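Reading through the structure tokens given below for one structure.
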């Protein structure tokens, strides 16, 4: 859908002025710590908010309540042993995390996954994008006060995709499926048919979801004009993923880097033009439709063949001295891994470029001037997962 | 995109006096990086962002690296007078190389869709001269990432608007991502003891 | 009461029970958990309340955001040292009778992240835990099993006598000291009244 159509519903919500009309605060400022135990912060995240009445005057995020030393642990273990830890970064999207890490190591060691593995990677990554965006919409609605129902719909669909992941990798959430130069196991019998069925039925669920939500008056009132982000600030602040595209910046790493075999697929990149919560919500719904397009083609075209590069070594894997930075378009944004090898079994430096952490850079800019209730919605639209924010 | 040599020449022409060095990378990734001196790093960063050809407007990733003090043992041929005759003798010489902390920035251009250009800045040593210029005024994206580097590596960024610990608590005194960090010993108990973990838990067992 | 008499009475439509029995029956079928997720396991905890697994069948679907209204704390995920004081404080704020489920390897022992400098090696170092569920993360079925185990435990609790439950004993502590942030580690690093390191099986 072109950008103009996204913004077509009427905007009936005026952003409140940043201070009281005469330009000065008329009362005492109140300091509130939202979190780390707060139902709306999607985990253990804290925001120190300074309030002027209902309006936010200042907001400082506080991190680290889930800082579990992923990078330090990875530097003390072998390359392959970090793979299951990447599952636990963004625990909604273990497949894309695996892929980003595998891609970086493949750059470092010069491995090339075979054709079939590339297709499997695209299929699992796009299924992951469906899971992530569906659940995000559910949680966003939960933050707006629609307790339970949208989230239950979302989790119902999530379970269907998790069943596929479980059949493929043996685990619902923590798949640990990709390997350097390919994938761990071939598709089980009947898996493709199951996946095709899920993909076939998904648009029906999306139609239903959108019919209930997108035109809903309350949803529009709560999201349109809330948390607007200017495009220049978004680029300067390193915002990536759906949040960047909601500001109208056409930058999708699947199109720019053409990693994997994304250049073989036709899909469009939805763009917003206001950069507010509604655009971010809409972009995700539209992206799911594009993902389904990719999935349909990939499931039809997937060839037979080996699934691991024959040059890939599992035991005694030692890349040459040097470094590599690999990145993919994760469901939350640019997920990158920066590795420095000193020629030993362990990486000398292992760094995760976490999209949801960097996307929070502009949280204060988006929230100042809005009410406390809007802060919850704005945070929900950023789409954070604390495992990745704090690592 | 221009090659790294061209970028280097471009910077050298615009900012006289900037000491630049290309760090090679032999892996198949072939991502070489540009080492910039501390004094000119901020100007170089601003040039990279504003230059019409480069337009590196997107700082994707900023991170720290800790390089320990190393000593390299080398065989050196030394001329020595042995028993009245001058001879060439092999001698082991130990050279100490001071360690340093390094900040690495990965830059991309959204406007021109190219990248990455990798920028490195190094401190003098790991103990008392650990100050670097902050690039947050150039790219807002560095704000939290530089705070994280400060928290985990102890690089102090001059010009950062709000340099506090970000992941660990405020009273914490160590820099845990440094290679010589000693973690607190709280391995009193290991339900499935094995190898090093057992060794670690052993002192607490009596 | 004699079993024969009880069965005879029930045939006549008279239902007999003990005060303890009906009190525990009520409690065990309306365990309200604290809405409190720490990490990956929290997603499985949410999944277990959703359509497919439906924790509501066990009377435990009412997740309360406030500790003052909760009976059960599900420690779902990695407890970091930065978070541990808050977890203990939340536990202290819950009214008795209160229970704790340690969900997942991290909450039990630190799990895969045990080597981490900021990871607490098991929440039972600071607060007493009633049910441990292993797994990384445990499946929703495992959480349901933990619930049923907890229900059995609640059902068997005595309210009087020497073996009475903790909440029925006015002498037993219901709050535990909150650890403080130190310069290198939490202080103290464990509460010796609650947890003592077991003897190593292979120490020698």
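The values are calculated or read from the model by the stated rules, or taken from the named source; none is laboratory data. As the structure is a prediction and not an experimental result, all values here were calculated from the model. All Cβ positions, even for glycine, are placed from backbone atoms using ideal geometry, and neighbour counts span all protein chains on display.
Remarks
- Flag for residue A:327 being at pLDDT 90 or above, within 12 Å of another protein chain (Cβ to nearest Cβ) and surrounded by 23 or more Cβ atoms within 10 Å (Cβ to Cβ): yes
- For beta carbons closer than 6 Å, sequence separation of 6+ or different chains, a first residue in the stretch A:107-133 that is outside the structural domain of residue A:296 (by TED's automatic domain parsing) and a second that is assigned to a helix (DSSP H, G or I) and modelled with pLDDT under 90, there are no qualifying pairs.
- Complete set of residues in the stretch A:59-100 that are under 12 Å from residue A:386 (Cα atoms), surrounded by 24 or more Cβ atoms within 10 Å (Cβ to Cβ) and more than 14 Å from the chain's Cα centre (by Cα): A:63, A:64, A:65, A:66, A:67, A:68
- Listing of helices (runs of 4 or more DSSP H) fully contained in the stretch A:212-265 that carry 3 or more residues being within 14 Å of another protein chain (Cβ to nearest Cβ) and under 30 Å from residue A:103 (Cα atoms): A:231-236, A:242-246, A:253-256
- Members of the stretch B:29-73 that are more than 14 Å from chain A (Cβ to nearest Cβ) and crowded, with 21+ Cβ neighbours inside 10 Å: B:36, B:41, B:44, B:54
- Look at (1) farther than 24 Å from residue A:149 by Cα; (2) in contact with a helix residue (DSSP H, G or I) (Cβ under 7 Å, 6 or more places away or on another chain); (3) in a helix (DSSP H, G or I) and you find that residue C:16 fails only one, number (3).
- Note on the stretch A:331-360: among residues that are over 21 Å from residue B:65 (Cβ atoms) and out of contact with any strand residue (DSSP E or B) (no Cβ under 9 Å at 6 or more places or on another chain), the one that is nearest to the other protein chains (Cβ to nearest Cβ) is A:333.
- Wholly within the stretch A:1-93, helices (runs of 4 or more DSSP H) carrying at least 1 residues that are at pLDDT 55 or above and in the same structural domain as residue A:319 (by TED's automatic domain parsing): A:70-75, A:83-87
- The stretch A:278-312, residues that are outside any helix (DSSP H, G or I) and within 30 Å of residue B:117 (Cα to Cα): A:309, A:311, A:312
- Summed over the stretch C:19-49, the residues that are in contact (Cβ under 8 Å) with a residue 60 or more places away in the chain, within 14 Å of chain A (Cβ to nearest Cβ) and in a helix (DSSP H, G or I) give a count of 7.
- Among the residues listed as A:127, A:103, A:136, A:140, the single one being within 14 Å of chain B (Cβ to nearest Cβ), surrounded by 22 or more Cβ atoms within 10 Å (Cβ to Cβ) and in a helix (DSSP H, G or I): A:103
- A single entry from B:96, B:129, B:77, B:87 fulfils the requirement of being in a strand (DSSP E or B), surrounded by fewer than 17 Cβ atoms within 10 Å (Cβ to Cβ) and without any contact (Cβ under 8 Å) to a residue 12 or more places away in the chain: B:87.
- Index of the failed condition, residue B:135 passing every other in (1) touching a strand residue (DSSP E or B) at 6+ places or on another chain (Cβ under 7 Å); (2) facing chain A (nearest Cβ under 10 Å); (3) in a loop (DSSP other than H, G, I, E, B); (4) within 30 Å of residue A:47 (Cα to Cα): (2)
- Check on residue B:26, more than 15 Å from the chain's Cα centre (by Cα) and either surrounded by 14 or more Cβ atoms within 10 Å (Cβ to Cβ) or under 25 Å from residue A:111 (Cα atoms) (or both): yes
- Helices (runs of 4 or more DSSP H) wholly inside the stretch C:57-157 that include at least 1 residues being more than 11 Å from every other protein chain (Cβ to nearest Cβ) and surrounded by fewer than 22 Cβ atoms within 10 Å (Cβ to Cβ): C:84-93, C:140-155
- Applying the set (1) more than 19 Å from residue A:360 (Cβ to Cβ); (2) without any contact (Cβ under 8 Å) to a residue 60 or more places away in the chain; (3) surrounded by fewer than 22 Cβ atoms within 10 Å (Cβ to Cβ); (4) out of contact with any strand residue (DSSP E or B) (no Cβ under 8 Å at 6 or more places or on another chain) to residue B:160 leaves exactly one unmet item: (1).
- Failed item in (1) without any contact (Cβ under 8 Å) to a residue 12 or more places away in the chain; (2) in contact with a helix residue (DSSP H, G or I) (Cβ under 6 Å, 6 or more places away or on another chain), with residue A:66 passing the rest: (1)
- Residue in the stretch B:6-21 that is closer than 30 Å to residue A:335 by Cβ, touching a helix residue (DSSP H, G or I) at 6+ places or on another chain (Cβ under 7 Å) and in a loop (DSSP other than H, G, I, E, B) present: no
- Scope the stretch A:171-194; condition more than 14 Å from every other protein chain (Cβ to nearest Cβ) and in a loop (DSSP other than H, G, I, E, B); matching residues: A:177, A:184, A:185, A:186, A:187, A:188, A:189, A:190
- Residue match in the stretch A:315-322 (condition: modelled with pLDDT under 90, in a loop (DSSP other than H, G, I, E, B) and more than 14 Å from every other protein chain (Cβ to nearest Cβ)): yes
- Residue A:83 being within 14 Å of chain C (Cβ to nearest Cβ) and in contact (Cβ under 8 Å) with a residue 24 or more places away in the chain: yes
- All of (1) touching a residue at least 12 places away in the same chain (Cβ under 8 Å); (2) assigned to a loop (DSSP other than H, G, I, E, B); (3) away from chain A (no Cβ under 14 Å); (4) over 15 Å from the mean Cα position of the chain (by Cα) hold for residue C:52 with one exception: (3).
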